[in-house]
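For reference, the structure is listed below as structure tokens.
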Amino acid sequence: MAARLLPALRFLIKGSLAGAAVYVAYDQGLLGSGTQGAEALRKAQAALPPAIQEWTSYVGWEVRTAQMNTLPPTPKFDFSPSDFWNKGVQTVMSALSVAPTRACDYTVEGWKYVKDLVK
């Protein structure tokens, strides 16, 4: 009985954790538009140093404020992720638009090949 219950319990726990992660991402605006994602990044950058300070004081480590300022800065992007996203969407859509024509061409070539083999 316990052997059957354990996999089901593990599945429920993993599913709950995955569902919670998706909910938190949606709630914080990470699954929304690019502006919502940028706003979520700004909130995270503002909340991170105080959270690290609180965590280290809870654990018992002493971190001076000067050390907090020596954390590496977040990377700066010289490109727009939305431009690359749009380029990817355009590439996929163009591939899907020519897919029926290419499938027809490949079918004709395949039939020719099979006919040549049969002769």
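On the beta carbon distance between N86 and E54, with R0 = 41 Å, the FRET formula returns roughly 0.55.
Report the full-extension gain for the segment W111 to K76: residue separation times 0.36 nm, less the Cα-Cα distance, to one decimal in nm.
7.2 nm
Read-outs throughout are calculated quantities, based only on the coordinates presented, and are distinct from any laboratory measurement. Keep in mind the model is a prediction, meaning the values are calculated, not measured. No Cβ is skipped: glycine too gets one built from the backbone with ideal geometry, and neighbour counts run over all protein chains shown.
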